[in-house]
Amino acid sequence: MKRSSVALLALAMSSPLLADPPAQVMNILREPDLKFVQSKMNPGISQAVISGNPVDPGKVYVVRNRSRRERSARRTSIPRHATSRC
């Protein structure tokens, strides 16, 4: 009983320390931290730059796209396949 309570206490104390990785390893951005701007190429689409610079040719960058509801992709359905009986 004492051994399990010590292990549980150690786990509870270490979890806040392990919650987020160091910023130099992985920078976590949440929705309120992102700044969406209208896309110049696609009307109705907003983009937020997460990492890098899209203007620099040959460099890696990450963007998040957000569209209005009416511009979002419609649901697609896959037609049923005819089953053959042998």
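The values are calculated or read from the model by the stated rules, or taken from the named source; none is laboratory data. As the structure is a prediction and not an experimental result, all values here were calculated from the model. FYI the Cβ positions are ideal-geometry reconstructions off the backbone, even for glycines, and counts take in every protein chain you see. We work out accessible area using only protein heavy atoms, side chains counted, and drop any ligands, DNA or RNA first. Shrake-Rupley method; radii C 1.70, N 1.55, O 1.52, S 1.80 Å.
Among the residues of the range 14-49, write down those that are β-branched (Val, Ile, Thr), at pLDDT below 90 and surrounded by 10 or more Cβ atoms within 10 Å (Cβ to Cβ). Scanning the range 14-49 gives a single hit, ILE45.
Scanning the range 50-86 for residues that are within 27 Å of ILE28 (Cβ to Cβ), modelled with pLDDT of 75 or more, assigned to a loop (DSSP other than H, G, I, E, B) and open to solvent by less than 100 Å² (accessible area, probe 1.4 Å) yields a total of 5.
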